[in-house]
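The values are calculated or read from the model by the stated rules, or taken from the named source; none is laboratory data. For clarity, every value in this text was computed on a predicted model and none was experimentally measured. Cβ sites come from the backbone with ideal geometry, for glycine too, and all protein chains shown count toward neighbours.
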Amino acid sequence: LIVQDQSLLHVEGVTDGLPADGGILVNSSLSSRVLSQQLGREAIAMPATNLAKELLGRPVPNTALLAGFLALTHMLPLESLVSSLAERFSGEMLERNTRLIEEAAKQVPPGHWKEVAHAHGA
């Protein structure tokens, strides 16, 4: 489950349907430990909006969160995300997005969800 805004964690039912061993990636400046304690299950925090502001100059967390998800699951290589962005962006904007992908991937434990993602066919 990817949560783009940590305030959504307080919405009833946001984790309904998520398996007990399912992961939660949250756009948050809190630590993963604090989020996990608040939720009563493992959660991984990533300051995606902060990264996007720093590297893109805009508060758009989606690319960073997708990069984090790919790094956690190894479902696709990060290069696939870069290639997709290259179809839309070029020059400095592509360079900034590529840097964002690289930095976002460093924010999470690589492959941490690999076995769970493949077991559930995510």
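One table, with the values for the structure above:
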read-out: Residue within the stretch 71-82 that is closer than 15 Å to Val3 by Cβ and either at pLDDT 95 or above or aliphatic (A, V, I, L, M) (or both) present; value: yes
read-out: Hits in the stretch 59-77 - residues which are surrounded by fewer than 18 Cβ atoms within 10 Å (Cβ to Cβ) and assigned to a helix (DSSP H, G or I); value: Asn62
read-out: Tally, over the stretch 104-119, of residues that are modelled with pLDDT of 95 or more and surrounded by fewer than 18 Cβ atoms within 10 Å (Cβ to Cβ); value: 1
read-out: Output for the stretch 23-58, where each listed residue is surrounded by 16 or more Cβ atoms within 10 Å (Cβ to Cβ), part of a loop (DSSP other than H, G, I, E, B) and touching a helix residue (DSSP H, G or I) at 6+ places or on another chain (Cβ under 6 Å); value: Ser28, Ala43
read-out: Residue match in the stretch 2-22 (condition: in a strand (DSSP E or B) and within 29 Å of Arg96 (Cα to Cα)); value: yes
read-out: Matching residues, the stretch 4-29, being among the hydrophobic types (A, V, I, L, M, F, W, C) and farther than 20 Å from Ala105 by Cβ; value: Leu8, Leu9, Val11, Val14, Leu18, Ala20
read-out: Selection status of Gly17, modelled with pLDDT under 95 and surrounded by fewer than 16 Cβ atoms within 10 Å (Cβ to Cβ); value: yes
